[in-house]
Amino acid sequence: MSKVKLLASAREVFDERQVIRLERAVEVAARAHEGQRRASGEKYIAHPLAVAELLMEWRMDIDTVVAGVLHDALEDTELEIREIEEEFGMVVAFLVDGVTKLGIARSGMREIDSYLPATRDNLTKLLIALGQDIRVVVIKLADRLHNLRTLKHLPAGKQKKIAKESLEVFAPLADKLNMGRVRVEIEEISFSYIDRARYEYLKGQSKRYLGRASGKLARARAGIEEVLKREKIEYEMDGRVKSIYSLHKKLAKTGENLDAIYDLIALRIIVEDKTDCYLALGLIHAIYRPMVARIKDYIAVPKQNGYQSLHTTVITPDEYIVEFQVRTREMHEYAERGLAASFHYNEQKLTDAYAQGKIAAMPANLHWIHDLQKAAALIGAGEEVDLEKMKLSMFRDRIFVFSPKGDIFDLPEGATVLDYAYRVHTDIGDTAYAFRVNGKIVKFDEEVKSGDVVEVVTRKDKRPNVDWLGKVKARGTKGKIRKRLKEGRE
Ligand code: MN
């Protein structure tokens, strides 16, 4: 990725002032990374430029793209956060800082294999929680995707480790954000490094199958096109081939029979609106026999990540089994680009659609999603939205610790194990008897660090005493202890 190419793409989407800002960021980053090289031997700056290009492809806003250029500058160079803030503003500084912290949090974690499956999912949550501003996570995804694309330059051991982590943390992360295209690429590259032989074998199988099926597929497609045209439904149609990694997972589940996989190829029909989706579905069923149990209405009942579509598997007169997916343009854009679509700078259509409920709600268990929903609603109502306000104050001074079961709790900086006990449950705090951090017994006022596993031993007859007030940091905890002390006196 060269500077010239990046700026040329930027000119197509950003205005003159924004391009000048980006150019300046490239200069600053190039100077900061001067003399550094990638494992491939090329100049280091090629990597941040490639990340910025990806972010532009995903149509992120200018602050995110500028932050992409600078994303490695804090950790690996002399450049300081203050300088970034002075020159590029608060938002860019915040984003670069966030990406840097995310990197530090990750490198402090244990090998992915040492986690239980439930905890791995929590790791994803942790990444999101640490991200707070969704744009931080999106930059991290672009960073990881480019590192995967250039993985061949690393030694084999490292390749496998990165591939594994990408498959288990970053692919689900992309999926949670409904960034379908990114998830698939992460999965495909990762899987090809984890099990090259299997990857090549399945690729060959898939290709051969598609070759055999191409005639029947073309007839199935022609049949439906004819009725769509006759009914004057505006549409676009394309085929999507199941990714090798999904195929691998499915085959592992269903036995090694490729013929039993009905969605190896799916025909995708994109129409104008929701009504046309159901009309098109009706037409498909009018000419091909549906496998009733396989009809899925993800429009009425969207997937947890907001994905919407109608899926149906039908049998054509050729006795060919094929899946159709029907969706609107908005649903399609959203499925491919996911949350990144919210930051589209040219058209607010998607955000509007989201605000009006045409696109499903996001999983609502994370703070930032509430904020995003609020922001989307405001944008939908034609109001100006301060992206600044979307990031929570939590980000800079919170730490995240694990329970022995792998649940994650966030605490303020300086919090002690006693704070943690009260954070888990007031009763646990009240009856706390002893504490273990990472398996070692500690005192009540031991400070916790991000990534610590904290265990509380309780005893029914235990009660708080006045000394405890000096052993906690969180404001809420003191209130809880005082309340209990008062009750004790009555
Ligand atoms: Mn990087």
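The values are calculated or read from the model by the stated rules, or taken from the named source; none is laboratory data. Only a predicted model underlies this, so the values are computations on that prediction, with no experimental measurement involved. Note: ideal-geometry Cβ built from the backbone for every residue, glycine included; neighbour counts use all protein chains shown. Accessible surface areas use protein heavy atoms only, side chains included; no ligands, DNA or RNA. Shrake-Rupley method; radii C 1.70, N 1.55, O 1.52, S 1.80 Å.
Points worth noting:
- Residues of region 219-233 classified as without any contact (Cβ under 8 Å) to a residue 12 or more places away in the chain, of a type in the set (Lys, Arg) and in a helix (DSSP H, G or I), total: 2
- Count of region 450-462 residues which are surrounded by 13 or more Cβ atoms within 10 Å (Cβ to Cβ) and not hydrophobic (A, V, I, L, M, F, W, C): 6
- Helices (runs of 4 or more DSSP H) lying entirely in region 369-449 (those with 1 or more residues that are modelled with pLDDT of 80 or more, surrounded by fewer than 18 Cβ atoms within 10 Å (Cβ to Cβ) and not aliphatic (A, V, I, L, M)): 426-430
- Residues being open to solvent by 50 Å² or more (accessible area, probe 1.4 Å) and not aliphatic (A, V, I, L, M) - total across region 169-204: 10
- Some residue of region 141-160 being open to solvent by 20 Å² or more (accessible area, probe 1.4 Å), at pLDDT below 85 and of a type outside the set (Gly, Ala, Ser): no
- 1 or more residues more than 9 Å from the chain's Cα centre (by Cα) and away from the ligand (no atom under 16 Å from the Cβ): qualifying helices (runs of 4 or more DSSP H) within region 140-197: 156-165, 180-194
Table: residues versus (1) aliphatic (A, V, I, L, M); (2) more than 22 Å from Glu333 (Cβ to Cβ).
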site: Arg135; (1), (2): no, no
site: Asn147; (1), (2): no, yes
site: Thr150; (1), (2): no, yes
site: Gly157; (1), (2): no, yes
site: Glu168; (1), (2): no, yes
site: Ala174; (1), (2): yes, no
site: Glu188; (1), (2): no, no
site: Phe191; (1), (2): no, yes
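- The one condition in (1) surrounded by 19 or more Cβ atoms within 10 Å (Cβ to Cβ); (2) hydrophobic (A, V, I, L, M, F, W, C); (3) not in a helix (DSSP H, G or I) that Leu247 fails to fulfil: (3)
- Boolean, Glu75 is surrounded by fewer than 21 Cβ atoms within 10 Å (Cβ to Cβ), assigned to a helix (DSSP H, G or I) and either at negative phi or more than 13 Å from the ligand (Cβ to nearest atom) (or both): yes
- Every residue from region 292-313 that is more than 27 Å from the chain's Cα centre (by Cα) and loosely packed, with under 14 Cβ neighbours inside 10 Å: Val292, Ala293
- Subset of region 78-98 [open to solvent by 10 Å² or more (accessible area, probe 1.4 Å) and either within 13 Å of the ligand (Cβ to nearest atom) or not hydrophobic (A, V, I, L, M, F, W, C) (or both)]: Glu78, Glu80, Arg82, Glu83, Glu85, Glu86, Glu87, Gly89, Asp97
- Residues that are closer than 11 Å to Asp430 by Cα and either open to solvent by 70 Å² or more (accessible area, probe 1.4 Å) or out of contact with any Leu (no Cβ under 8 Å at 6 or more places or on another chain) (or both), drawn from region 466-481: Lys480
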